[in-house]
1. From the residues in the range 186-204 that are loosely packed, with under 15 Cβ neighbours inside 10 Å and within 16 Å of residue 90 (Cβ to Cβ), which one is modelled with the lowest pLDDT?
2. Look through 154, 148, 172 and report the one residue that is within 10 Å of the ligand (Cβ to nearest atom) and either in contact with a Pro (Cβ under 8 Å, 6 or more places away or on another chain) or of a type in the set (Ser, Thr, Tyr) (or both).
3. Here are the criteria: (1) away from the ligand (no atom under 16 Å from the Cβ); (2) under 22 Å from residue 78 (Cβ atoms); (3) at pLDDT 95 or above. Tell me which single one residue 137 does not satisfy.
4. Quick check on the range 175-208: of everything there that is acidic (Asp, Glu) and within 16 Å of the ligand (Cβ to nearest atom), which residue is nearest to residue 134 (Cα to Cα)?
5. On the basis of being assigned by TED's automatic domain parsing to the domain that holds residue 196, outside any loop (DSSP other than H, G, I, E, B) and more than 23 Å from residue 205 (Cβ to Cβ), does residue 71 make the cut?
6. Which of the residues that make up the range 94-114 are over 21 Å from residue 183 (Cβ atoms) and either in contact with an Asp or Glu (Cβ under 9 Å, 6 or more places away or on another chain) or not in a loop (DSSP other than H, G, I, E, B) (or both)?
7. Give the range 69-103 a look and list any residue that's charged (D, E, K, R), surrounded by fewer than 16 Cβ atoms within 10 Å (Cβ to Cβ) and either within 21 Å of residue 146 (Cβ to Cβ) or touching a strand residue (DSSP E or B) at 6+ places or on another chain (Cβ under 7 Å) (or both), or say none.
8. Tell me, which residue of the range 121-170 that is within 21 Å of residue 85 (Cβ to Cβ) and among the basic types (Lys, Arg) is surrounded by the fewest Cβ atoms within 10 Å (Cβ to Cβ)?
Amino acid sequence: MSAEPWAAGETGMDESEFPQRCPYRSELVVDPSFFPVRTKPMQPAMTETSSPGRPTVLLWAIAGVLLAAVVAVALYKAWPLLNPTLSEVAPLDPSCDLRSGPCEARFGGGESVRFAIEPRSIPVVTPLRLVVQTAGFDVRAVEVDFAGVDMNMGYNRAGLEAVGPGLYEGQGTLPVCVRARMEWEARVLIHTADGISAAPFRFETRRD
Ligand SMILES: [Cu+2]
């Protein structure tokens, strides 16, 4: 008998009575034959492999799925705003230069859009006056969207107001570009009951 009685364990029996400790006594061992209805044999590696980090991983996985869902909904909502579905796009006239005067775009149905930017030098970071004259459209709203031709310059869109029959005016400002010369496409968006008709016009800005 040991001199310290607490070393003998709960049973009060001397440890020396069990010269061989069972090496698996802390593990849950399941005999597959104990469950006769189970058709697949239980994998030995699956008996007890749960680690303490598993609930944390599960929470992160749920958070990731929720975040992905939020991003998907935001993209879905923002997509028509950033990339409106166009019912018709007029052909681009590369010979017309907005820096020398108004340009006109013609649609297949005979409608036309005349567009001008003032001042004609088109300075950046300066309020620009945008003038649109439409013909043949049942106009609900007119917007002008500025996009970089070979560079993403962000969201630059201005709403125009009716100032006369088929005449719309508004104000827009172009951001400064890292490049000395920047090519832009102004898209005049004519909102009608049938959708949006877009008239593209190209110009460039120069940084002094
Ligand atoms: Cu740019």
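1. Out of the qualifying residues, it is 194.
2. Checking each option against the conditions leaves just 154.
3. Of the numbered conditions (1) away from the ligand (no atom under 16 Å from the Cβ); (2) under 22 Å from residue 78 (Cβ atoms); (3) at pLDDT 95 or above, the odd one out for residue 137 is (2).
4. That would be 185.
5. In short, no.
6. If the condition is that a residue be over 21 Å from residue 183 (Cβ atoms) and either in contact with an Asp or Glu (Cβ under 9 Å, 6 or more places away or on another chain) or not in a loop (DSSP other than H, G, I, E, B) (or both), then 106, 107, 108, 109, 111, 112, 114 are the ones that fit.
7. The first filter runs over the range 69-103 and keeps only residues charged (D, E, K, R), leaving 77, 88, 93, 97, 99.
Applying the additional criterion that residues be surrounded by fewer than 16 Cβ atoms within 10 Å (Cβ to Cβ) yields 77, 93, 97, 99.
Of everything in the range 69-103, those that are charged (D, E, K, R), surrounded by fewer than 16 Cβ atoms within 10 Å (Cβ to Cβ) and either within 21 Å of residue 146 (Cβ to Cβ) or touching a strand residue (DSSP E or B) at 6+ places or on another chain (Cβ under 7 Å) (or both) turn out to be 93, 97, 99.
8. 140
The values are calculated or read from the model by the stated rules, or taken from the named source; none is laboratory data. Note that the structure is a prediction, hence the values are computed from the model and not measured. Ideal geometry is used to build each Cβ from the backbone, glycine not excepted, and the neighbour counts take in all protein chains shown.
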